[in-house]
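Read through the structure below, which is laid out as structure tokens, and then see the notes.
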Amino acid sequence: MPIKSYLAHPHEGKKNELINKISEIEQCEVIPAQNKDILVVVTETESKQEEEILKHKLETIESLKLLAMVSGFNTPKKN
């Protein structure tokens, strides 16, 4: 299952709106920075296809200025 982490930069004055929008997405966990207007977003999906759909959802959020992947890995499912 793909697990990825991102830094999400909101448009100016839109940090709380971005937190709310990303928090609505089931596969996402949001951790706001205490001293900067950035968010750490951790995603977990079941497949590459689900990951692509999730990435598209994130990229279409209007309050999001920039989304930069920090790390990602894929844990194979055990049979």
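The values are calculated or read from the model by the stated rules, or taken from the named source; none is laboratory data. Since the model is a prediction, treat every value here as computed from it, not as a measurement. Here Cβ is always computed from backbone atoms with ideal geometry, including for glycine, and neighbour counts include all displayed protein chains.
Please tell me if residue 58 is among the hydrophobic types (A, V, I, L, M, F, W, C), touching a residue at least 24 places away in the same chain (Cβ under 8 Å), touching a helix residue (DSSP H, G or I) at 6+ places or on another chain (Cβ under 9 Å) and part of a helix (DSSP H, G or I). Step through it out loud before you land on a result.
On the way: among the hydrophobic types (A, V, I, L, M, F, W, C): yes; touching a residue at least 24 places away in the same chain (Cβ under 8 Å): yes; touching a helix residue (DSSP H, G or I) at 6+ places or on another chain (Cβ under 9 Å): yes; part of a helix (DSSP H, G or I): yes.
It is true that residue 58 is among the hydrophobic types (A, V, I, L, M, F, W, C), touching a residue at least 24 places away in the same chain (Cβ under 8 Å), touching a helix residue (DSSP H, G or I) at 6+ places or on another chain (Cβ under 9 Å) and part of a helix (DSSP H, G or I).
Selection of the stretch 1-53 for residues being within 19 Å of residue 70 (Cα to Cα), at pLDDT below 95, of a type in the set (D, E, K, R) and surrounded by fewer than 15 Cβ atoms within 10 Å (Cβ to Cβ) yields 36, 48, 52. Keeping to the stretch 1-22, report how many residues are within 25 Å of residue 49 (Cα to Cα) and part of a strand (DSSP E or B). The total comes to 8. The residue of the stretch 23-49 that is nearest to the chain's Cα centre (by Cα), among those that are in contact (Cβ under 8 Å) with a residue 40 or more places away in the chain and either at positive phi or not in a loop (DSSP other than H, G, I, E, B) (or both), is 43.
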